[in-house]
Amino acid sequence: MPSTPHSNDPRDNLGDYVLGRDGKPIVDRYGRPVRRRVERAPRPEPRPREEVPRFERVQRPPMDHTRQYQPRRTPQLPERDRPAPQPRPVQQPPRRVSRPVEPAPMAVSRSRVRQAPPAAAQAPVRARRRRKAPGCFSVFALVVVLLIAGVLFTDARLNRVDALPDERIANTAGTNWLLVGSDSRQGLSEDDIARYGTGGDLGVGRTDTVMLLHLPRTGPATLVSIPRDSYVSIPGYGMDKINAAFAYGGPKLLATTVEQNTGLRVDRYAEIGMGGLAGVVDAIGGVEICVTEPIQDPLANLDVQPGCQMMDGPTGLGYVRTRATSLGDLDRVGRQRDFLGAIVAEVTSPGVLLNPFRAIPLMWAVPGLFTVNTGDHVWNLARIPLAMRGGLKTETVPLGGFLDTEVGNVMLWDEAGAEALFSSLR
């Protein structure tokens, strides 16, 4: 008889579930019907174990102790084919070093107590690591300390003066340096005066060189030369040569005159005297200058011939001071720019920076030859050669002619050309 297939619906198989009084299946807390408990059949009794016969001990025959052991023989080579016996090297027994036995430290864990490895095995590795890492760090730290100390020492040797105007004009683009070359003889010995051909002590004197170095945020720097005989308005003194402002009121009045006549705000100031320029040239071992025409000037102790040549301090000073050429002061402005570029190129060259016999004397001598504003530092000065090294545009204030006045022969600016030049830098 075929069996009826089992259905999952509790209503079809009510006999498999526990029914309530109402005849319906009882459900659990999850809503599922509760099945009836099926009684299991009793477990059958285990059968008694059958007797397993034990194995009988096999009797082995007694061993024959009278039989002698015969080793296995290998075929022997003829005596003429046998290799010569090699002497065995004598091995020296290892040398034992007695060391005091120390109790090994015990490392305690939660689960068990284990013995820590001996400290003698870890000591060489730890000592080796301790020697390497602090050694490299110590050398690096020493270099950094020496570098910082050298920079601070160099900065302390700079001469400082209050050089910026009290009443400033509006701020302009970039950073503008006022570079001044003074003809002061202060600090020169009699031997230096004879070598340089500068004459007697003139105190503060006037300026042989007036330049504006414009450092933009991006792009090449611009170096503008202002002829020292430029006829400009000096606050409080009227019309005069621009270098007279330095004689009347020092760096502060000169910076004020430059600001009011150019419309460019002077942000920083740097000045170097005659002895300072010669000292810089001697400190770097001289500079190479290409002379285009023969120049002979007894007043400047200068006698040079055309061609590229190395110039020392006295020769370089006479080269930038002389006006014994056809265009006078205009030619001198060009020579000053060329000489300044040659100094910057030599100072930033690897032959000077990487040579301690030149770099150390340069760091010792140069800071004492410069005069800067009270707020300027040696790291500000370092930006000048870096900017000039990256590219430099040179300009001269456009001139409109010459004029004889009560203060002598002066140079007149081309007002339209000068305004166009300074406007491009504002």
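The values are calculated or read from the model by the stated rules, or taken from the named source; none is laboratory data. None of the values given here were measured: they were computed from a predicted structure. FYI the Cβ positions are ideal-geometry reconstructions off the backbone, even for glycines, and counts take in every protein chain you see.
Before moving on, here are some points about what is shown:
- Selection status of THR257, more than 20 Å from ALA163 (Cα to Cα) and modelled with pLDDT of 90 or more: no
- Index of the failed condition, GLY174 passing every other in (1) at pLDDT below 85; (2) surrounded by 17 or more Cβ atoms within 10 Å (Cβ to Cβ); (3) of a type outside the set (Asp, Glu): (1)
- PRO227 vs. criteria closer than 19 Å to GLY408 by Cβ and surrounded by 21 or more Cβ atoms within 10 Å (Cβ to Cβ): yes
- Just one of the listed residues (ALA283, ALA300) is touching a helix residue (DSSP H, G or I) at 6+ places or on another chain (Cβ under 6 Å) and over 27 Å from LYS241 (Cα atoms), namely ALA283.
- Tally of residues being farther than 26 Å from PRO350 by Cα and modelled with pLDDT under 85 across region 267-297: 2
- Residues satisfying the stated conditions in region 382-426, i.e. under 12 Å from LEU215 (Cβ atoms) and touching a Phe, Trp or Tyr at 6+ places or on another chain (Cβ under 7 Å): ILE384
- For region 312-321, the condition holds for no residue, the condition being that it is among the hydroxyl-bearing types (Ser, Thr, Tyr) and farther than 27 Å from VAL210 by Cβ.
- PRO385 in contact with a helix residue (DSSP H, G or I) (Cβ under 6 Å, 6 or more places away or on another chain) and either closer than 30 Å to ARG160 by Cβ or of a type in the set (Val, Ile, Thr) (or both): yes
- Among the residues examined, ASP303 qualifies as surrounded by fewer than 21 Cβ atoms within 10 Å (Cβ to Cβ) and of a type outside the set (Lys, Arg).
- For region 300-388, the strands (runs of 3 or more DSSP E) that sit wholly inside it and include 3 or more residues that are of a type outside the set (Val, Ile, Thr) are 307-311.
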